[in-house]
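J.: I am attaching a structure below and will ask some questions about it afterwards.
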Amino acid sequence: MGDIPARKPGSGHRGKLLAAAIATAILCACTQQPHQAADPAHQPTTIGAASSEAPGDATDNQAIVSAPPADTVAGDPDRESATASKTKAFPIETFYTLLVAEVAGNREQYDLALAHYYFQAERTKDAGVAARATRIARFLNARRAALRSALLWVELEPENASAQLAATAELTLAGELDDALRHAELALDLGGDAPLQSVAATAVDNDELAAKVLPEFQRLSQKHPDNNEVSLALAMMLRANKRAQEALNLTRQVQERDPTLLDAPLLESHILIDMGRNKEARRLLENLVALYPRESRLRLQYARLLIQEDLELAQQQFVELVKQRPNDANLILSLALIQYETNQFDNAKPLLEKLLALEEHESAAHFYLAGIAEQTNDEVSAVTHYRMVRPGGDYVQAITRGTNLLAASGNTDEAQEWFNELRQRHPGQQEQFYLLQTELLTKYGHLEEAHALLTEALKTNDDSNRLIYAHAMTSEQLGDVENFELGLRKLLSRDPDNANLLNTLGYKLLSYDDRLEEAMVLITKALALSPDDPAIIDSMGWAHHRLGNHTEAIKHLQRAYELLQDHEIAAHLGEALWAAGERQQAMQVWEQGLQANPESKLIPEAMQRLQDQQRLEQHVTES
């Protein structure tokens, strides 16, 4: 029973619905009263004790348990006789187990009721017990139990449309679409409904699967040409297979058959948007919203379209949607985000706070409340909210922004505490949090603290290439060339053909006159591995310049600059041109580089150094 989730006893409207279903069980004597067919999710099963008037039918260790089929209709003698014929004697322990299940249902202990029904369905192979187990499991979202019970039910009652419907639904949720379609077809053949749009919705996001199942939907449509559910499901599959015009035609045929079926125009609006016919989609949705102002799914589709075209009007639609469904967390969040993005913080804030009260989308609410606090310079509240964000889409950004606020205000101790807490909470992600903290410390000029942190991190994470690389680069920034080279050599021993590592080490060695040939070997190998990488081509050009091969240097540096208009490449190219006597052209390159990157320090430094050198040479010559 490991697939039945533990739940607290239900309450409220949801609890009462299932309680009403289970509480309708009637203890009776040896006769069975027929029941009116009910909603498939709430079909009662009747449990009866043995009758003293029928000693031959039950013994001391047996009880009669009768489970009517789901389509039993009161007053139909044929169906009543069929029900009576299914009455059978169960062992007394089975009777009492089912009785306990009914009592549990009356007390809203639905997990216990499901456990007993699920077990007895497998044991007794009784269709009524399997049906009840299926309905309770589906109500509780116990998916594995629901699937197994539904398949047992349909095996025991293959002519029952409700059983086929339940099997279709559960197989769809399990992603077993071939079997779901088979049971859906059987449900249709029995005169029942089939959730084919749900089946189609499961396939539409997978191109390969959508192409595979399309022929089955087409076959079902030929078999049931006037069934709107079948037609709309096929339209969904045609849309998924990029056959938009065919899908559009089909949705309009459905609308002609049943103008009140809103699924069809809703799907039409999606198809029109796919086709780039947004104006038509907008007119269609405007008319639908005017005709059906309380249909929130129409208004929601209209609002989503307007987000791309008219944010103010989209906001009006979401305001109306929230009025209609004031506790719908998804709608509240959508409206809050529109207001946040348009700087309506006073309107967004109470909506986000309501999400916290509803205990829905709490991380998103904390993230955007932090953003509002940050915009209004309330750094304490901002950090508090950022720290409440939990793993998900905004998690890393919340950590980054929150710790940046702390570091910017000089509160590095609290930032350190936060990162320590994160490493304890997520031991499998220590590397990521060490790197984030290193980046933060480096950004605010705490290089020695960053280096010490990485040194400590490597004691327990010495297999982390990213931490080794970060430690090496921090060492280089501190002028510790020995540890920089040791780190890169260690990484190259693990990955000798890594062009970026080869280039990084080679470029650094170009700073030392006695290691130029060694640097050239590394950069040559890197270039052979990545011949079109502008950074490596730049390194090769700079290596030739350092070796005095100015013509070769200019050739490589010009190619690098054509590939990437980077200020460092511009600085190098200008120096090579200057060294080759092309000083006017060097000045032009530097001017272009400064126009592209006015904040560059490399270009002015190169220009100043070379111009000073030129003045010194002139002074020596004149002397």
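The values are calculated or read from the model by the stated rules, or taken from the named source; none is laboratory data. Note that the coordinates shown come from a computational prediction; the quantities given were computed from them, not determined experimentally. Note that we place each Cβ from the backbone using ideal geometry, even for glycine, and neighbour counts take in every protein chain shown.
J.: Being at pLDDT 95 or above and of a type in the set (V, I, T) is the filter here, so list the residues in the stretch 397-426 that pass it.
T.: Passing the criteria: I399, T400, T403.
J.: Which residue is surrounded by the most Cβ atoms within 10 Å (Cβ to Cβ), if the candidates are limited to the stretch 283-340 and must be within 16 Å of L262 (Cβ to Cβ) and of a type in the set (S, T, Y)?
T.: Y302
J.: If S600 passes every condition in (1) part of a helix (DSSP H, G or I); (2) surrounded by 15 or more Cβ atoms within 10 Å (Cβ to Cβ) but one, which one does it miss?
T.: (1)
J.: Right, next: Quick check: is even one residue across the stretch 537-552 closer than 19 Å to Q614 by Cβ, touching a Pro at 6+ places or on another chain (Cβ under 9 Å) and surrounded by 19 or more Cβ atoms within 10 Å (Cβ to Cβ)?
T.: No: the stretch 537-552 contains no residue that is closer than 19 Å to Q614 by Cβ, touching a Pro at 6+ places or on another chain (Cβ under 9 Å) and surrounded by 19 or more Cβ atoms within 10 Å (Cβ to Cβ).
J.: So if I check each of S475, S464, S493, which one is crowded, with 20+ Cβ neighbours inside 10 Å and farther than 30 Å from A382 by Cα?
T.: Going through S475, S464, S493 in turn, just one is crowded, with 20+ Cβ neighbours inside 10 Å and farther than 30 Å from A382 by Cα: S475.
J.: Would you please name the residue that is farthest from the chain's Cα centre (by Cα), looking only at residues in the stretch 116-147 that are more than 22 Å from L99 (Cα to Cα) and assigned to a helix (DSSP H, G or I)? Spell out how you get there, then give the answer.
T.: Going residue by residue through the stretch 116-147, those that are more than 22 Å from L99 (Cα to Cα) are 141, 143-144, 147.
From what's left, assigned to a helix (DSSP H, G or I): 143-144, 147.
Details: R143: 21, R144: 23, L147: 25 Å.
Out of the qualifying residues, it is L147.
J.: Counting only residues that are loosely packed, with under 15 Cβ neighbours inside 10 Å and polar (S, T, N, Q), which one in the stretch 172-222 is farthest from N241 (Cα to Cα)?
T.: Only one residue tops the list, namely Q222.
J.: Between residues in the stretch 207-226 that are over 17 Å from R257 (Cα atoms) and residues that are buried (at least 17 other Cβ atoms within 10 Å of the Cβ) and β-branched (V, I, T), which pairs lie under 6 Å by C-beta distance while being six or more apart or on different chains?
T.: As it stands, the answer is L220/V230, since those pairs meet every condition given.
J.: Let me ask you something else. State which residue pairs qualify: first residue on the phi < 0 side of the Ramachandran plot and inside the stretch 168-193, second residue charged (D, E, K, R) and assigned to a helix (DSSP H, G or I) in any location, beta carbons under 7 Å apart, and separation of 6 or more residues or different chains.
T.: Listed by first residue and then by second, the contacts come to L171/D179; L173/R143; L181/E216; D193/E229.
J.: Something else: Going residue by residue through the stretch 281-290, is there one that turns out to be on the phi < 0 side of the Ramachandran plot, of a type in the set (V, I, T) and either touching a Lys or Arg at 6+ places or on another chain (Cβ under 9 Å) or free of Cβ contacts under 8 Å to residues at least 24 places away in the same chain (or both)? Let's see the steps before the verdict.
T.: Initial filter on the stretch 281-290 (on the phi < 0 side of the Ramachandran plot): 281-290.
Filter again for of a type in the set (V, I, T), leaving 289.
Next, only the ones that are either touching a Lys or Arg at 6+ places or on another chain (Cβ under 9 Å) or free of Cβ contacts under 8 Å to residues at least 24 places away in the same chain (or both) stay: 289.
Yes - at least one qualifying residue is present in the stretch 281-290.
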